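Each remark here refers to the structure printed beneath this line.
Since every read-out is calculated from the coordinates, none of them should be taken as a lab result. These figures come from a predicted structure and were not determined experimentally. Positions of Cβ are generated from backbone atoms using ideal geometry, with glycine treated the same way; all protein chains shown enter the neighbour counts.
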Amino acid sequence: MTEGNPEKEPITFVDNRKIDPETGEIRQPAADNGAAAAQAPESGNGAQTGNGGDAQELADTISGELAERTADLQRLTAEYANYRRRVERDRKAAIDSAKAAVVTELLGVLDDLDRARAHGDLESGPLRSVADKLSAALLKQGLEEFGSEGEPFDPTLHEAVQHEGSGHDPVIGIVMRKGYRFGDRVLRHALVGVTDGVADLTEITDQPTEEASDVDAGANEQ
């Protein structure tokens, strides 16, 4: 049988299918392998160049947006700081106005206490303690009194109801009613009588003496 069935030549199969049945990828023709290998480096260089330009453009865009957001944040921070200062200033002004209104209503009580003190009614007894505590509480809140004898006359603080002398250097001669202020706000002007200062009185006093000295000198010459 061996001699009757000579050895057959091996059969070779060529798979010309474009898609590999095992991997599912597209097969490249054998003739194009060299061209594909030659073009691979060039295509790789072009991709790298394109990626570098896109990355720089993206970085510039991000930097610009970051600078813009930073400027917006700084502007909002400044606006908020100004808002807080304005609110704090308005709140303080409202508190001072409320305190000034309450203190103004109590000025009549302080006048009565001053008159009682002038008549000696506050030298002893429980009323003296009440008067001292009330005055101390109002002074602690910021109330200040002004207008005393010998102070220079200030028309923005004092109201003159009588005037004596030439008025060259006016000072307060008598206080008829004290003035009060709360911080920078004048609650009530002081009622005062104005007279000349010590310097003016000295000049007036010295003038007759000089004239008398001149008369005596003339008499001696005769």
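Determine ³J(HN,Hα), in whole Hz, for all residues of the range 56-65 in sequence, where each value follows from phi through the Karplus function 6.51 cos²θ - 1.76 cosθ + 1.60 and θ = phi - 60°; x replaces Gly and Pro.
So the Karplus estimates, Gly and Pro as x, are 5, 5, 5, 5, 5, 5, 5, 5, x, 5 Hz.
Through the Karplus equation 6.51 cos²θ - 1.76 cosθ + 1.60, θ set to phi - 60°, convert the phi angles of the range 78-92 into ³J(HN,Hα) values in whole Hz; use x for Gly and Pro.
Values, residue by residue: 5, 5, 5, 5, 5, 5, 5, 5, 5, 5, 5, 5, 5, 5, 5 Hz.
Separation between the Ala78 and Arg185 pseudo-spin-labels, each 7 Å from Cα along Cα→Cβ, expressed in nm?
3.3 nm
Count charges around Arg86 for me, please; just the other residues with Cβ under 12 Å from its Cβ, Lys/Arg as +1, Asp/Glu as -1.
Surrounding charge for Arg86 is +2.
Enumerate by residue number the GluC sites (Glu not before Pro) in the range 99-148 meeting two conditions: DSSP loop (anything except H, G, I, E, B), and at most 16 other Cβ atoms within 10 Å of the site's Cβ.
Sparse-neighbourhood loop GluC sites (Glu not before Pro): Glu123.
Pulled fully out, how much extra length does the chain show between Leu139 and Asp54, if you take 0.36 nm times their separation in residues and subtract their Cα-Cα distance?
23.2 nm
Using a Förster distance of 25 Å, how high is the FRET efficiency between Ile95 and Val130, based on the Cβ-Cβ distance and rounded to 0.05?
FRET efficiency, Ile95 to Val130: 0.45.
Residues with amide H under 5 Å of Arg177's amide H, sequence separation 5 or more or different chain, H placed in the peptide plane at 1.01 Å from N; which?
For Arg177, the qualifying residues are Leu191.
Multiply the residue separation of Met176 and Arg69 by 0.36 nm, subtract the distance between their alpha-carbon atoms, and state the gained length in nm to one decimal.
31.9 nm
If you plug each phi of the range 108-118 into the Karplus form 6.51 cos²θ - 1.76 cosθ + 1.60 with θ = phi - 60°, what whole-Hz ³J(HN,Hα) values come out, in order, with x for Gly and Pro?
Those phi angles translate into x, 5, 5, 5, 5, 5, 5, 5, 5, 5, 5 Hz.
Working out 0.36 nm times the residue gap between His168 and Arg115, then minus their Cα-Cα distance, what length gain in nm do you get to one decimal?
In short, 15.9 nm is gained.
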